[in-house]
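Just so it is clear, none of the values below were taken in a lab; they were calculated from the coordinates. In this text the structure is predicted, and so the values were computed from the model without any measurement. Note that we place each Cβ from the backbone using ideal geometry, even for glycine, and neighbour counts take in every protein chain shown.
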Amino acid sequence: MLADIVIFGTIWGAIYTILALGFTLIFGVARILNLAYGAMYLVASYLIYTLVTRFGMAAPVAWLLAVAATAIAGMLLYRLFIFPLRDTLGRVLIVTAGMAIFLQEVAVLLYSTEPRYVPTLFPGSLEFLGVRITHQQLLTLVVAFALVALLHLFLERTRYGRELRAVAQDAEMASLMGIPVERTYLVAMGLSTALAAAAGALVAPFLTVSPEMGWSPLLVAFTVVVLGGLGSLWGTILAAFIVAYAEMFTAYLISPQLRDAATFAIMIGTLVFRPHGLFGKGIVE
Amino acid sequence: MDRSTFVRAVAVALAVPALVFGTPVPAQTGPIKVGVIGPFKLTPGRDIQEAATLAADEVNAAGGVLGRKLQLVFAETEQSPEKGKTAVERLLFVDKVDVIIGEHRSEVALAVQPIIAENKKIFLSTGTASPLLSDNVLKDYSKYKYYFRTFLNANQMAEQMQLQLTDMMSTYKREKVAVIAETAVWVEPIVAALKKSLGSRLVALERVSTNAKDLSVELSRVQSAKAQIVFAILAADAGLPFARQWADRQIPALITGYTVMAQSDRFWEQTEGRAQAFMTWKHGVRAPISPKTIPYWDRFTKKYGHVPGAYTNFATYDGVFILVDAIRRAGSLDSDALVKALEATDHVGVSGRIKFSKRHDPEAGPEFLPFTYIQWNKGEMVTVWPPKMKTGEMQMPAWIK
């Protein structure tokens, strides 16, 4: 049992890292609390399902296409709905929540509430510490690490990355220095959505795809960012793993139905007792 | 005569024929409206819709009943008691149906049963296993006598399921059983019966929500408890991730019980072949359950391009014919007359021989509704139990010796 907790905790930790990084990107850079973030995860999963099962596309191509398409959708979402309202947090919350519900209902309309499956890229499994892990789940770990590394490189070494970090630190100053702030927000949104989409693509094959799948990731992303604090890559990764292991312990030792409750408890506990998170700047200032 | 008398005469002259011939004749020659409820976007609902349509087409092709055709009026319930009530109210008050059949989820049936009963219309459910529905017939006959069911209730299912489980345990010499059951009202009697009869041989009991996506934890616990057989009771969506994860993790236990998703012809594709050796009770198989079964199966497959899927299929097809037979014997659509006619039913349908008990549930047992199990093998559903109905041998999962 302990082996299960450790192994699946690690896999989920990797997924949560990606989810949280996407969320922290848009929140840290543009101060936008995007409640439609989970819906991007949903859109990517359904896109992959459709491309593979209805159009017969090869899975890897479908993945890449789905992530790219969702990233574009995210940028459109920002430009059309969030940009006009971004000065008021309340309005952004309502509009993005509305978008999330709308997309969920569209999914129900097009696909019904019956769960859909997304085929695995690598069939087969291996045994580790007495637990069977699928190659798909291992792939998830590898891809997650690769994405984190890529993101780190992007932020440190590229011009866009530097602009992102500058705007995150101080948007006004960055703009005075000639950095195109609006374009930076757009880039951040695209990246953020792409990460959510990637997480959806990784998870879909070993769970199933259904219309309410977007809410759990949103809760998790938010909790990890609250716990880890903003501005610290390592803080986010550590927080992601803490949340993942906490969920696993709760699920295995108490009850699987309480998994989301554990996450909520962490978020509320952090906001109450340590609002600036474990590391870095807090969401609450 | 003067003008006012003339006018009065004309008025009377016109009124008489209008009264005699113009009064709308209460649908004695119009179609018989049959309301059909269910979650049509899901497999069990789709089977209700398709089986009802085929049955109605066949009834109408043979001339209808009492000289009138059947007209089906569909109302989606989406597995929700609230939506179910709205659907039924629409059927009763707007569409003004004569009878109502269908539904898959007990929660919905329980919510709509009182409404239909108060309006004194026949409600023939073709799914919905909760015994509470027929308990109402016994507890308050005058109100609920209009309710009938062409499918076994959960207590009856529990009895039959235990027979198969015991047989499997002794044939394969496996004593340790785990139960994974969804949290839904119809499951309770079965879980209670299993707990009682298995005693200490029940090594794990996991309850999952009906739309659970991830059963990793439950499967881990089942594995830790060293279960050799997993008895699944999953009528809703959790059946799909259950099968996928069971196979991916190579859990060393045989599967039996009742997984509705495994009864669909799309299950093999949905699990990408992981359904190999997955077993489930299936009500409605291509076997000579009655002389009508195989011909119906083939007619259905020809018309719709896929085989009958969920248990609701056979139950609905037989339900329509049982209704029609009762209407014919009663000679009218009067609900009280229909109740008496239905109670006298002795019908051989595609699911077997249906007679209603005092509870208005069908009688159970091999001479009435045989309880058949299928196992997926190389993309096909093979009937493996009871032994005298089997069309193939039972297979072991590849990773179990």
In the stretch B:95-124, how many residues are under 24 Å from residue B:337 (Cα atoms) and without any contact (Cβ under 8 Å) to a residue 40 or more places away in the chain? 9
Could you check, for the stretch A:246-260, whether at least one of its residues is over 20 Å from residue A:48 (Cβ atoms), assigned to a helix (DSSP H, G or I) and aromatic (Phe, Trp, Tyr)? yes
Quick check on this structure: which one of A:244, A:261, A:265 is among the small types (Gly, Ala, Ser) and surrounded by 18 or more Cβ atoms within 10 Å (Cβ to Cβ)? A:244
If I filter the stretch B:304-324 for residues that are touching a Ser or Thr at 6+ places or on another chain (Cβ under 7 Å) and either among the charged types (D, E, K, R) or closer than 30 Å to residue B:223 by Cα (or both), do I get at least one hit? yes
State yes or no: is residue B:34 part of a loop (DSSP other than H, G, I, E, B), surrounded by 16 or more Cβ atoms within 10 Å (Cβ to Cβ) and away from chain A (no Cβ under 14 Å)? no
I need the full set of residues from the stretch B:271-288 which are crowded, with 24+ Cβ neighbours inside 10 Å and more than 17 Å from the chain's Cα centre (by Cα), in order please. B:271, B:275, B:278, B:279
Residues of the stretch B:244-257 being assigned to a helix (DSSP H, G or I) and free of Cβ contacts under 8 Å to residues at least 40 places away in the same chain, in sequence order, are B:244, B:245, B:246, B:248
Name the one entry in B:97, B:112 that is touching a helix residue (DSSP H, G or I) at 6+ places or on another chain (Cβ under 6 Å) and outside any loop (DSSP other than H, G, I, E, B). B:112
Could you check how many residues of the stretch A:137-173 are under 30 Å from residue B:249 (Cα atoms) and polar (S, T, N, Q)? 2
Output for Cβ contacts, cut-off 6 Å, separation at least six or different chains, first residue surrounded by fewer than 17 Cβ atoms within 10 Å (Cβ to Cβ) in the stretch B:197-216, second part of a helix (DSSP H, G or I), reads B:197/B:162
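Conditions (1) within 16 Å of residue B:161 (Cβ to Cβ); (2) surrounded by fewer than 22 Cβ atoms within 10 Å (Cβ to Cβ), marked per residue:
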residue: B:350; (1), (2): no, no
residue: B:363; (1), (2): no, yes
residue: B:371; (1), (2): yes, no
residue: B:386; (1), (2): yes, yes
Please go through the stretch B:40-61 and pick out each residue that is more than 17 Å from residue B:125 (Cα to Cα) and away from every other protein chain (no Cβ under 14 Å). B:54, B:57, B:58, B:59, B:60, B:61
Regarding the stretch A:25-44, can at least one residue be identified that is within 14 Å of chain B (Cβ to nearest Cβ), touching a strand residue (DSSP E or B) at 6+ places or on another chain (Cβ under 9 Å), closer than 27 Å to residue A:183 by Cα and touching a residue at least 60 places away in the same chain (Cβ under 8 Å)? yes
